[in-house]
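The values are calculated or read from the model by the stated rules, or taken from the named source; none is laboratory data. Predicted, not measured: the structure shown is a model, and the values here were computed from it. Note that each Cβ is placed from the backbone with ideal geometry, even for glycine, and that neighbours are counted across all protein chains shown. Protein only, heavy atoms only, side chains kept; ligands, DNA and RNA dropped before computing areas. Shrake-Rupley method; radii C 1.70, N 1.55, O 1.52, S 1.80 Å.
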Amino acid sequence: MIWCIEDDKNIRDIEIYTLKSTGFEAVGFSNGRDFFKALETHIPELIILDIMLPDMDGVEILKRLKQNSKSSDIPVIMATAKGMEYDKIQSLDLGADDYLVKPFGMMEMVSRIKAVLRRCHTAKENSILKYGTLSVDLEQHVVTLDGERVMLTYKEFELLRLFLTNIGTVFTRDTLFSQIWGEEYIGESRTIDVHIRMLRHKIGKYGEKIETVRNVGYRMEAFEQ
């Protein structure tokens, strides 16, 4: 679903018509108030945001979007007036993904939307680690095993992330303390062993892949299909 925030009804109607005719679902809003009310119950796939709006400008809306964890990841394309270089720079600095300079062609708009969505989907895919049927979402801090949620503590999650991003690498206990607990942490090696044991238990059959390297530390073995 693409949301178009544009106070000019003629432009808004053309944008929505074009998007629907090219395979997208789309709705329009004429002001920030209605947009934020809708955002309470729905999350769009992408937002086209005009800077000049009657109740609050697009830059202010963009700020609020990026400051809220529920909406900060929504891709935003800003619509700026020709010659307003500062608006473009400010929008990009605040986290906008792209911009369109008015007046812009409808097919250019569609092309920009597709490009931004491709980039965002690729970034999302790269944030998920796969190890057989074990999945680790690095952005959401969610681990699933065979499609079921696995509840890990923060330290267990960080241990699993470190192992999966360094398959085959042996980590000494000192290195694990430094990487996970912090360089200033002073603790017993048994702390590592306890966390490893709990992690192995929680990730089921994949726990066996966390190998104990005698007198050294631990490593994650490569997954074999």
Checklist line | Positions within the stretch 128-144 being surrounded by 12 or more Cβ atoms within 10 Å (Cβ to Cβ) and out of contact with any Gly (no Cβ under 9 Å at 6 or more places or on another chain), in sequence order | finding: Ile128, Leu129, Tyr131, Gly132, Val136, Asp137, Leu138, His141, Val142, Val143, Thr144
Next item on the list: Sort through Leu100, Leu138, Leu94 and tell me the only one that's closer than 28 Å to Ile61 by Cα and within 15 Å of the chain's Cα centre (by Cα).
Entry: Leu138
Item checked: Within the stretch 8-120, strands (runs of 3 or more DSSP E) holding 1 or more residues that are more than 29 Å from Gln140 (Cβ to Cβ), in contact with a Phe, Trp or Tyr (Cβ under 8 Å, 6 or more places away or on another chain) and at pLDDT 95 or above -> 26-29
Note to self: I'm trying to understand the selection: among the residues of the stretch 192-216, which are buried (at least 19 other Cβ atoms within 10 Å of the Cβ) and not in a helix (DSSP H, G or I)?
What the structure shows: Ile203
Margin query: Contact list please: Cβ distance under 8 Å, first residue in the stretch 28-53 and in contact (Cβ under 8 Å) with a residue 60 or more places away in the chain, second residue open to solvent by 30 Å² or more (accessible area, probe 1.4 Å) and not in a helix (DSSP H, G or I), pairs at least six apart or on different chains.
Written below: Glu45/Met1
Notebook entry, point to check: Has the stretch 200-211 got any residue that is modelled with pLDDT under 90, more than 23 Å from Ser69 (Cα to Cα) and among the small types (Gly, Ala, Ser)?
Noted result: no
Check: Can we say Glu108 is under 30 Å from Ile61 (Cβ atoms) and surrounded by fewer than 16 Cβ atoms within 10 Å (Cβ to Cβ)?
Finding: yes
Notebook entry, point to check: Would it be correct to say that Thr165 is in contact (Cβ under 8 Å) with a residue 24 or more places away in the chain and out of contact with any Gly (no Cβ under 7 Å at 6 or more places or on another chain)?
Noted result: yes
Check: Which members of the stretch 70-85 meet the condition of being of a type in the set (Gly, Ala, Ser), under 15 Å from Glu45 (Cα atoms) and either out of contact with any helix residue (DSSP H, G or I) (no Cβ under 9 Å at 6 or more places or on another chain) or open to solvent by less than 10 Å² (accessible area, probe 1.4 Å) (or both)?
Finding: Ser71
Note to self: Quick check on this structure: which one of Gly187, Gly147 is exposed (fewer than 12 other Cβ atoms within 10 Å of the Cβ), under 30 Å from Asp73 (Cα atoms) and modelled with pLDDT under 90?
What the structure shows: Gly147
Notebook entry, point to check: Across the stretch 103-134, what is the total count of residues that are over 30 Å from Met220 (Cα atoms), among the charged types (D, E, K, R) and under 17 Å from the mean Cα position of the chain (by Cα)?
Noted result: 2
Margin query: So, in the stretch 121-143, how many residues would count as being in contact with an Asp or Glu (Cβ under 8 Å, 6 or more places away or on another chain) and modelled with pLDDT of 90 or more?
Written below: 2
